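Data block below; observations after.
The values are calculated or read from the model by the stated rules, or taken from the named source; none is laboratory data. These numbers come from a predicted model, not from an experiment. With ideal geometry, Cβ positions are generated from the backbone for all residues, glycine too; neighbour counts draw on all protein chains shown.
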């Protein structure tokens with residue numbers, strides 16, 4: 001197959017390119033940037049491996065696209081100089097020619113979340129305290145990516161220390177949603193999700209304690225996957241960890257490929273779309289009115305669930321048999337104590353305390369009142385929640401909730417102070433919908449459910465039993481076959 005036809009036939013989601021076969025190579029090359037960046041990650045990988053496109057052409061395409069749009073969206077920060085990236089891309093091409101093929105991500109542009117260290121690159125964590133810090137070695141995740149052949153082009157923006165689900169910080173500013181750069185991209189993996197939604201990145205990593213892979217996925221109409229918490233680390237803990245890294249993609253297959261690249265525990269074998277016949281889902285909605293929810297969110301989720309039902313699945317309205325206020329008490333106790341331990345030294349230092357965002361100060365100061373007894377009680381509640389999840393998963397294959405309680409909002413607003421007339425009493429109460437999965441340590445996939453009348457995207461959480469990551473991801477593959485949400489593209493704003 002000739003190179004031109006390969007690109008035309010390989011675009012993500014079957015979108016055709018209107019390149020006439022009589023086009024000269026020079027004219028074809030002029031159109032190349034938009035075509036290459038529109039390939040999904042696995043298609044781009046095949047194009048590079050088959051030498052239908054070179055690593056240099058790929059890098060040039062992405063740099064052109066990034067320079068055109070990133071000044072508006074601010075998804076990628078600490079971008080490496082073009083000349084250096086082109087030299088690395090040339091070396092990657094030479095490696096392919098000499099048989100030094102590092103794998104499916106060989107020569108692929110990649111920007112790591114700014115909470116990850118990459119040797120020789122700026123590593124700020126979004127904090128002015130570390131504005132000039134440069135990492136001297138790779139994190140474990142970055143090391144796996146480097147071994148897979150990626151070319152690190154920069155970092156993806158985050159909130160300061162990853163705190164909060166709105167990606168703004170005093171070092172780099174705020175990141176806009178791919179669907180409207182005036183609105184937030186969510187967080188803390190907001191730069192990653194915006195980079196994916198705008199096609200400035202083929203695939204991206206993120207991390208999630210309180211929805212940080214899921215919420216940005218919903219706000220940018222992309223896939224975000226929070227794995228079972230032992231998958232990325234390769235170690236089990238009791239109680240289960242609250243936070244984990246994970247993959248994001250423009251579709252589920254790309255997300256699976258990246259997951260198996262960055263995780264300590266690889267899931268082998270082929271992934272196939274789940275047969276939705278006899279699959280049973282529990283729809284939690286707004287938890288019987290417990291959660292404040294912006295109008296229109298549950299309706300979008302229910303519309304998508306109708307498509308799932310029409311494909312053969314059984315969807316039932318149900319609620320967990322659990323005191324949800326106990327879950328919130330458990331969550332805040334563990335979060336305060338954890339954040340207090342990790343950040344107390346910055347709070348106690350009179351030189352660094354003024355540099356901390358108010359939300360981090362809030363977490364540290366509330367940690368002062370958390371006793372050993374409070375933590376023990378929180379872990380007792382958490383173990384009871386594990387048992388309730390097991391009971392539910394004995395009846396249902398998946399538990400389903402909206403991914404967020406609000407649509408993307410003004411990126412200059414730090415956090416929603418009220419939802420549908422109900423006041424939010426903390427900076428993270430508006431994200432309470434995600435703690436059911438976080439406290440369970442279970443695999444959760446954000447899948448898109450469409451857009452409201454203002455064109456703002458939303459998603460829903462597909463939660464699976466602990467350890468059933470394959471099943472959750474195979475549901476995602478099936479879901480893509482019966483919906484077209486991922487085929488929608490934003491009208492991008494140029495700088």
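Structure notes:
- Test set (1) in a loop (DSSP other than H, G, I, E, B); (2) surrounded by 20 or more Cβ atoms within 10 Å (Cβ to Cβ) - residue 330 fails condition number: (1)
- Selection within region 122-179 - over 29 Å from residue 427 (Cβ atoms) and surrounded by fewer than 20 Cβ atoms within 10 Å (Cβ to Cβ): 134, 136, 137, 140, 143, 144, 146, 147, 148
- Test: residue 45 is surrounded by 18 or more Cβ atoms within 10 Å (Cβ to Cβ) and part of a helix (DSSP H, G or I): yes
- Residue among 347, 290 that alone is more than 18 Å from residue 419 (Cβ to Cβ) and without any contact (Cβ under 8 Å) to a residue 60 or more places away in the chain: 347
- Filter pass, residue 465 being crowded, with 20+ Cβ neighbours inside 10 Å, part of a loop (DSSP other than H, G, I, E, B) and out of contact with any strand residue (DSSP E or B) (no Cβ under 8 Å at 6 or more places or on another chain): yes
- Checking each residue in region 120-137 for being assigned to a loop (DSSP other than H, G, I, E, B) and out of contact with any strand residue (DSSP E or B) (no Cβ under 9 Å at 6 or more places or on another chain) picks out 136, 137.
- Listed conditions (1) buried (at least 19 other Cβ atoms within 10 Å of the Cβ); (2) part of a loop (DSSP other than H, G, I, E, B); (3) out of contact with any helix residue (DSSP H, G or I) (no Cβ under 6 Å at 6 or more places or on another chain) are all met by residue 300, apart from (2).
- Scanning region 303-324 for residues that are touching a helix residue (DSSP H, G or I) at 6+ places or on another chain (Cβ under 6 Å) and either surrounded by fewer than 14 Cβ atoms within 10 Å (Cβ to Cβ) or not in a helix (DSSP H, G or I) (or both) turns up 311, 315, 320, 322.
- Meets criteria (under 20 Å from the mean Cα position of the chain (by Cα), surrounded by 18 or more Cβ atoms within 10 Å (Cβ to Cβ) and either outside any loop (DSSP other than H, G, I, E, B) or at pLDDT 95 or above (or both)) for residue 80: no
- Tally of residues being in contact (Cβ under 8 Å) with a residue 40 or more places away in the chain and either outside any strand (DSSP E or B) or out of contact with any strand residue (DSSP E or B) (no Cβ under 8 Å at 6 or more places or on another chain) (or both) across region 384-402: 12
- When the criteria are applied in full, residue 216 meets the requirement of being buried (at least 24 other Cβ atoms within 10 Å of the Cβ) and closer than 17 Å to residue 411 by Cβ.
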